[in-house]
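To keep things clear, I will list the structure first and then write my remarks on it.
The values are calculated or read from the model by the stated rules, or taken from the named source; none is laboratory data. Just so you know, these numbers come straight off a predicted model, no measurement behind them. Here the Cβ is made from the backbone with ideal geometry for all residues, glycine too, and neighbour counts use every protein chain on show. Just so you know, the surface numbers come from the protein's heavy atoms only, side chains and all, with ligands and any DNA or RNA stripped out. Shrake-Rupley method; radii C 1.70, N 1.55, O 1.52, S 1.80 Å.
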Amino acid sequence: MSQTELGAPNDFIRAIIAEDLVRGKHERIVTRFPPEPNGYLHIGHAKSICLNFGISQENTPARCHLRFDDTNPTKEEQEYVESIKEDVRWLGFDWGEHLYFASDYFAQLYDYAEQLINQGKAYVCDLSADQIRATRGTLTEPGQNSPYRERSVAENLDLFRRMRAGEFADGSRVLRAKIDMASGNLNLRDPVLYRIMHTSHHRSGDQWCIYPTYDFTHPISDALEGITHSLCTLEFADHRPLYDWFLANLPVPAHPRQIEFARLNLGYTVVSKRKLLQLVNEGHVAGWDDPRMPTISGIRRRGYPPEAIRSFCDKIGVAKKESLVDVALLEHCVREELNQRALRVMGVLNPLKVVISNYPAGRSEELTAQNHPQQPELGQRQIPFSREIFIERDDFMEEPAKKFFRLAPGREVRLRYAYFIKCEEVIKDASGEIVELRCTYDPQTLGGSAPDGRKVKGTIHWVDAARSIEAEVRLYDRLFTEESPEKRGRSFTDCLNPHSLQILSGCRLEPSLAAAAPGQYFQFERQGYFCLDPRDARPDRPVFNRSATLRDTWKKVKGS
RNA sequence: UGGGGCGUCGUCAAGCGGUAAGACACAAGACUUUGACUCUUGCAUUCGCAGGUUCGAAUCCUGCCGCCCCAGCCA
């Protein structure tokens, strides 16, 4: 259920917005999602995207801008711009005409900087980065004024223009705001507004050799776009006084309100661009879209539907408390969504051959199966059945544990949508491994029930030996063995889960799966949810990813 | 020993002076041709701690305690 359907605002940000609307402070709400195009989006960004775009959807007529915060040409690339757009769209959001780039404001930003200089509120500082750091003071001691702090307006203007003209080397000078070197808030100790970087920008090319910093760019970009509520994460709270300072000292068209909320932390995963990059670079995963990655592209490839991500973001809420969300909640949202739409099919991951000795050799038949028992409108399909089939190895125990009600010597089970079979003989190879089962079937039980009313305790899935298709199946587990790998700092890779990926080959799937298309969701009955791997699957070589397992209470009973 | 933020069930999270929502997880049971789904039931005498105000406090006041963020010419 969306926020709107719930009626009342249910987080402090929506409460603020509702209040502003009631007071008539704004005609319409305008939010923005401002990624820096220096990496791929991840689940943490999804929270911000759902918040910003969600709020705009709930307050029609409102809008949410997609703005690339591309002020640092040394880290940003066009490639990321495209992937970010794709990910936002995939999540189900639309920025309409409102696609912006901070780099498009470079000229205006420059003018505003000159205005600050003219007001005596900014100055060109010749100190080196090291010197600036050294004179910034510490958390408990005030900083020292730069010796260049009292330059005249004319000199500052001249120097700044020459910075822009490319007369000075990288790092030789910066433009700083003149605020308060003794402030308890370090962000107010004459922050840098412009730095010299003779680097070409992915959009503005070589037009500029000075680039504005985030602190200067963000509030002005927000104001120029008429953003009403600028939502960001908690670590920017300390920057708010600076954000407000710029807006108060410059003739900007609006004064957006910055509101901070806690970023998302998810158990058994890392959500930091730097760490995700490290996982990719060190080869711990196959790439940004590895299905084990918490990136949007990884999640998509894993087979999580966008609806599940949105519902997850709704459920985790928005607050200022730093929290660690249980991955079980994400998994629940994925299952909840997939349970509704995944087509049910049968696939045997670890095949054990079963020969039905009393079924006529050479004969075969087509049995009818439901595509979704709870949704008959999703139709039926035919599945082949004959004398030789495969069942799951786990569905047979030579010496059944208590409460195990699948197949065992002398026991009878139901083959889903087919017949009852009874295990008569266990065939082993020289090393004692079970290689085949000999069973008999009861022709009277076609469809799954016995005319004499006898019941079986278990129903197992199966696949026809001759007419099943072979496939590779990839099973995923959490990437880390510890719930908070981030807490380990840079050694977070020490707790990588060695079993996070299990590749099964020789799996046998019912023939209908030969027509599986990328983007389709399936439930392999009794196993979990699967989808075709969009990258590695080929018509002659299907590869399926397991998106999520089914809840398994039996696993709890047997304790494994 | 500066500044900012936060502390309500195992995990998220409502609550905004009137006597602790909901979700996930967990537990028990029902149903079941997926040990799935669905359904039912249980799950904070208590809100970091200690005082105070009040007829009444998770909500107001005071003082402690704990955790997170900030010393990039990153965002």
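If r is the Cβ-Cβ distance from A:ALA466 to A:MET397 and R0 is 25 Å, what FRET efficiency results, to the nearest 0.05?
Numbers: r = 26 Å, r/R0 = 1.05.
Calculated value: 0.45.
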Practice task
Between A:HIS255 and A:GLN119, take the C-beta separation as r, use R0 = 25 Å, and let me know the FRET efficiency to the nearest 0.05.
Solution key: 0.90
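Distance check, please: which entries in A:LYS75/A:LYS275; A:LYS315/A:LYS487; A:LYS85/A:LYS315 exceed 20 angstrom between their Cα atoms? Before the final figure, lay out each step's value.
Details: A:LYS75/A:LYS275 16 Å; A:LYS315/A:LYS487 25 Å; A:LYS85/A:LYS315 24 Å.
Distance filter (> 20 Å) returns A:LYS315/A:LYS487; A:LYS85/A:LYS315.
Under 8 Å for C-alpha pairs, at least 6 residues apart: give me the relative contact order for the stretch A:161-210, rounded to a whole percent.
Details: 72 pairs, mean separation 19.0, N = 50.
With pairs under 8 Å counted, the relative contact order is 38 percent.
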Handout entry: Angle between chain A longest axis and helix A:106-118 axis [Cα atoms, degrees, rounded to 10]
Key = 40 degrees
Exercise for the section: Give me the percent of the accessible area of chain A that comes from carbon and sulfur atoms, probe 1.4 Å, all protein chains in place. Expected result: 47 percent
Problem - Antiparallel DSSP beta bridges within the stretch A:176-287, percent to nearest 5 - result: 50 percent
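I'd like to know how the stretch A:12-261 sits against the 2.2 N^0.38 Å rule of thumb: what's its Cα Rg over that expected value? Don't skip to the answer; put the middle values down first.
Working: Rg = 18.7 Å, N = 250, 2.2 N^0.38 = 17.9 Å.
Ratio of Cα Rg to 2.2 N^0.38 Å: 1.04.
Given chain A, what percent of its DSSP beta bridges are antiparallel, to the nearest 5?
Numbers: 57 of 84 bridges.
Here the share of antiparallel DSSP bridges comes out near 70 percent.
Starting from the Cα gyration tensor of the stretch A:293-336, take the square roots of the eigenvalues, sort them a ≥ b ≥ c, and report rounded, prolate or oblate (rounded when a/c is under 1.5, otherwise prolate if a/b is larger than b/c, else oblate). Mind dumping the intermediate values first?
Numbers: a/c = 2.01, a/b = 1.64, b/c = 1.23.
Prolate is the answer for the stretch A:293-336, as a/c is 1.5 or above and a/b outweighs b/c.
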Fill in the blank from the handout: Projecting the Cα atoms of A:SER364, A:ALA113, A:PHE33 onto the charge dipole of chain A, where Lys and Arg contribute +1 and Asp and Glu -1 at Cβ, the residue farthest towards the positive end is A:SER364
Handout entry: Restricting the stretch A:133-206 to GluC sites (Glu not before Pro) in coil, as DSSP defines it, with at most 12 other Cβ within 10 Å
Key = A:GLU150
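Tell me, what is the per residue accessible area of the stretch A:12-261 in Å², probe radius 1.4 Å? Present the calculation step by step, with values, prior to reporting the outcome.
Numbers: 10100 Å² over 250 residues.
The answer is 40 Å² per residue.
With a 1.4 Å probe and all protein chains in place, put A:GLU79, A:GLU388, A:GLU472 in order of accessible area, largest first.
Values: A:GLU79 100, A:GLU388 65, A:GLU472 30 Å².
Of A:GLU79, A:GLU388, A:GLU472, the descending order of accessible area is A:GLU79, A:GLU388, A:GLU472.
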Practice task
Determine the gain in length on full extension of the stretch A:ARG341-A:ALA107; use 0.36 nm per residue of separation and subtract their C-alpha separation, reporting nm with one decimal.
Solution key: 79.2 nm
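For A:LEU242, A:LEU532, what's the largest-to-smallest order of accessible area, 1.4 Å probe? It would help to have the intermediate numbers written out before the result.
Numbers: A:LEU242 0, A:LEU532 20 Å².
Final ranking, largest accessible area leading: A:LEU532, A:LEU242.
What is the stretch A:12-261's relative contact order, in percent, from Cα pairs under 8 angstrom and six or more apart in sequence?
Reported relative contact order: 18 percent.
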Exercise for the section: Could you check the simple spin-label distance between A:ARG133 and A:THR368, using points 7 Å along Cα→Cβ, in nm with one decimal? Expected result: 7.5 nm
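Determine the gain in length on full extension of the stretch A:THR553-A:ASP536; use 0.36 nm per residue of separation and subtract their C-alpha separation, reporting nm with one decimal.
Working: separation 17, 0.36 × 17 = 6.12 nm, distance 3.24 nm.
Separation in residues times 0.36 nm, less the Cα-Cα distance, equals 2.9 nm.
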Handout entry: chain A, relative contact order in percent, only Cα pairs under 8 angstrom and at least six apart counted
Key = 11 percent
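Rounded to the nearest whole Å³, what is the per residue volume of the convex hull around the Cα atoms of chain A?
Working: hull volume 105.1 nm³, N = 560.
With only Cα atoms used, chain A gives 188 Å³ per residue.
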Completion exercise
With label points set 7 Å from each Cα along the Cα-to-Cβ direction at A:GLN278 and A:GLU150, the distance between them in nm comes to 4.7 nm
Problem - Inter-part distance where the stretch A:18-42 and the stretch A:136-175 are each reduced to a Cα centre, Å - result: 33 Å
Practice task
May I ask you to derive the FRET efficiency for A:SER200 and A:SER172 from their Cβ-Cβ distance with R0 = 22 Å, giving the value to the nearest 0.05?
Solution key: 0.70
Problem - Linear extension gain, A:ILE16 paired with A:ASN358, 0.36 nm per residue minus alpha-carbon span - result: 115.8 nm
Exercise for the section: For the stretch A:49-99 and the stretch A:384-447, write down the distance between their C-alpha centroids in whole Å. Expected result: 54 Å
Exercise for the section: Return the sequence-ordered ³J(HN,Hα) values of the stretch A:498-503 in whole Hz as given by the Karplus equation 6.51 cos²θ - 1.76 cosθ + 1.60 applied to θ = phi - 60°, using x for Gly and Pro. Expected result: x, 10, 5, 9, 10, 9
Handout entry: In order through the stretch A:149-156: 3J(HN,Hα) via Karplus (6.51 cos²θ - 1.76 cosθ + 1.60), integer Hz, x for Gly, Pro
Key = 5, 9, 4, 6, 4, 4, 5, 4
Problem - Long-range HN-HN contacts of A:SER230 with modeled amide H, under 5 Å - result: A:ARG257, A:GLN258, A:ILE259
Completion exercise
Calc'd 3J(HN,Hα), the stretch A:215-228, phi into Karplus 6.51 cos²θ - 1.76 cosθ + 1.60 (θ = phi - 60°), Hz, glycine/Pro = x, comes to 4, 7, 5, 4, x, 5, 4, 4, 5, 4, 8, x, 5, 9
Completion exercise
Over chain A, the sum of -39500 (n - 2.57) across DSSP H runs of at least four, divided by residue number and rounded to 500 deg cm²/dmol, gives at 222 nm -8000 deg cm²/dmol
